1. Anything in the stretch 141-154 that is within 18 Å of F236 (Cα to Cα) and free of Cβ contacts under 8 Å to residues at least 24 places away in the same chain? List them, or say none.
2. Given the criterion among the aliphatic types (A, V, I, L, M), open to solvent by less than 10 Å² (accessible area, probe 1.4 Å), out of contact with any strand residue (DSSP E or B) (no Cβ under 9 Å at 6 or more places or on another chain) and assigned to a helix (DSSP H, G or I), identify the matching residue among I73, I131, I158, I149.
3. Being farther than 17 Å from V50 by Cα, touching a residue at least 12 places away in the same chain (Cβ under 8 Å) and open to solvent by less than 40 Å² (accessible area, probe 1.4 Å) is the filter here, so list the residues in the stretch 197-220 that pass it.
4. Please determine whether any residue of the stretch 327-339 is surrounded by 12 or more Cβ atoms within 10 Å (Cβ to Cβ) and over 21 Å from the mean Cα position of the chain (by Cα).
5. Show the residue pairs that are 6+ apart or on different chains and have beta-carbon atoms under 7 Å apart, the first residue being within the stretch 77-102 and open to solvent by less than 10 Å² (accessible area, probe 1.4 Å), the second being aliphatic (A, V, I, L, M) and outside any helix (DSSP H, G or I).
6. Could you tell me which numbered condition V108 fails, if it satisfies all but one of (1) under 19 Å from the mean Cα position of the chain (by Cα); (2) of a type in the set (V, I, T); (3) part of a loop (DSSP other than H, G, I, E, B)?
7. Considering every residue within the stretch 328-345, establish whether at least one is hydrophobic (A, V, I, L, M, F, W, C) and not in a helix (DSSP H, G or I).
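The values are calculated or read from the model by the stated rules, or taken from the named source; none is laboratory data. Keep in mind that what you see is a predicted model, and the values were worked out from it rather than measured. No Cβ is skipped: glycine too gets one built from the backbone with ideal geometry, and neighbour counts run over all protein chains shown. These accessible areas exclude ligands, DNA and RNA; they are computed on the full protein's heavy atoms, side chains included. Shrake-Rupley method; radii C 1.70, N 1.55, O 1.52, S 1.80 Å.
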Amino acid sequence: SVVGAPCSHTRSAWGSRVRHNAGMGVTSQVWLITCLAILGLFVFDFFAHVRVAHEPTFRESAVWSSFYIGLAIAFGFFIWWQWGGQYGGEYFAGYVTEKALSVDNLFVFTVIMATFAVPRIYQQKLLLIGIVMALVMRAAFIAIGAAAIARFSWVFYIFGAFLIFTAVKLAREAGAEEHVEKERDSRIVRLVRRFIPVTDDYHGDKFLTRFEGKRAATPMLLALVAIGFTDLLFAFDSIPAIFGLTQEPYLVFAANAFALMGLRQLFFLIGGLLDRLVFLSYGLSFILAFIGVKLILHALHENSLGFINGGQGVPVPAVSTGLSLVVIGATLVVTTVVSLVHSSRTKRRATHG
């Protein structure tokens with residue numbers, strides 16, 4: 001735990017055992033149970049849906065996407081019940097933000113699948129491995145971020161400035177994401193070819209194969225490397241963003257894990273809808289900038305830098321979790337509605353024209 005006070009009471013014996021002197025007080029046993037449960041869900045997902053290569057139906061994608069979203073919501077209410085509304089609200093704010101950012105990931109994944117011409121029946125395996133890689137990388141960033149925050153309050157200045165920079169960059173690149181991603185993918189291909197031969201054709205869902213008597217990579221491996229590199233870049237954005245909504249590492253990890261679970265099903269469910277969310281990047285840009293400002297305000301309030309107000313805290317307004325939820329939710333709703341209306345009108349004009 002990093003900051004905050006323990007909740008005044010808990011609703012069960014299990015809840016009372018996880019209290020400590022600060023924050024949520026999540027014990028190592030609770031961490032272990034949570035990690036094992038999340039790992040179990042990924043293992044189940046692989047054996048139930050991914051091991052046998054196939055293209056999922058709309059019904060299959062809708063049912064399991066709804067299941068994982070429902071599971072994330074149920075977990076949020078469990079947090080609310082065990083630790084109170086403050087932490088429940090922080091979890092939901094973090095989950096909604098991470099889920100919105102993951103939708104932006106889906107657009108990039110679509111470009112990667114098209115660039116490397118990944119057959120539809122193999123895309124599930126690629127996405128699941130990529131999602132697991134993303135969760136592992138984010139867990140590492142969470143551990144580093146939590147340790148830095150616990151020791152240095154000025155880290156929030158860096159996180160806030162980075163998010164504002166990212167927001168500006170995202171807004172500038174809006175509409176050109178496909179070009180940016182294809183340029184990145186071409187560099188990845190050149191890099192991989194320096195170390196290992198690459199076949200032109202797929203060999204089932206294999207990442208490596210034998211070609212002309214030598215070990216060679218398949219386009220499947222190139223696509224996986226591209227997805228892994230993209231996951232790394234998105235982790236730089238998402239982890240500072242959620243630390244702006246909660247400083248509880250347990251909530252940060254749980255929100256990220258639940259946002260990533262079901263992402264594979266969501267890819268097949270709304271794949272055709274992604275092209276219509278033309279203003280999503282602008283909405284996400286605004287959310288990142290908002291959280292960046294929130295982080296800087298928090299840093300000023302907890303200020304320990306001698307050249308700012310003599311090393312004393314600055315009396316600035318605080319942005320509550322409730323306000324954060326409202327701003328994030330309203331931004332996503334407005335962005336989605338405006339995008340769909342704009343896309344519909346553009347389509348009608350093109351048809352009549």
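1. If the condition is that a residue be within 18 Å of F236 (Cα to Cα) and free of Cβ contacts under 8 Å to residues at least 24 places away in the same chain, then I144, A147, A148 are the ones that fit.
2. On the way: I73 fails: open to solvent by less than 10 Å² (accessible area, probe 1.4 Å); I158 fails: open to solvent by less than 10 Å² (accessible area, probe 1.4 Å); I149 fails: open to solvent by less than 10 Å² (accessible area, probe 1.4 Å).
I131 is the lone residue from the list that is among the aliphatic types (A, V, I, L, M), open to solvent by less than 10 Å² (accessible area, probe 1.4 Å), out of contact with any strand residue (DSSP E or B) (no Cβ under 9 Å at 6 or more places or on another chain) and assigned to a helix (DSSP H, G or I).
3. Matches in the stretch 197-220: V198, T199, A216, A217, T218, P219.
4. So in the stretch 327-339, the residues surrounded by 12 or more Cβ atoms within 10 Å (Cβ to Cβ) come out as 327-329, 331-332, 334-336, 338-339.
Adding the requirement that they be over 21 Å from the mean Cα position of the chain (by Cα) leaves 338-339.
Yes; the residues of the stretch 327-339 include at least one that is surrounded by 12 or more Cβ atoms within 10 Å (Cβ to Cβ) and over 21 Å from the mean Cα position of the chain (by Cα).
5. Sorted first by the residue in the stretch 77-102, then by its partner, the pairs are W83/M24; Y87/M24; A93/L245; G94/L245; T97/L245.
6. Evaluating V108 over (1) under 19 Å from the mean Cα position of the chain (by Cα); (2) of a type in the set (V, I, T); (3) part of a loop (DSSP other than H, G, I, E, B) leaves (3) as the failure.
7. No, every residue in the stretch 328-345 fails to be hydrophobic (A, V, I, L, M, F, W, C) and not in a helix (DSSP H, G or I).
Yes/no per residue for (1) free of Cβ contacts under 8 Å to residues at least 60 places away in the same chain; (2) open to solvent by less than 20 Å² (accessible area, probe 1.4 Å); (3) within 21 Å of I296 (Cα to Cα):
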{"residue": "P240", "(1), (2), (3)": "no, yes, yes"}
{"residue": "L260", "(1), (2), (3)": "no, yes, no"}
{"residue": "I270", "(1), (2), (3)": "no, no, no"}
{"residue": "L273", "(1), (2), (3)": "yes, no, no"}
{"residue": "S285", "(1), (2), (3)": "no, yes, yes"}
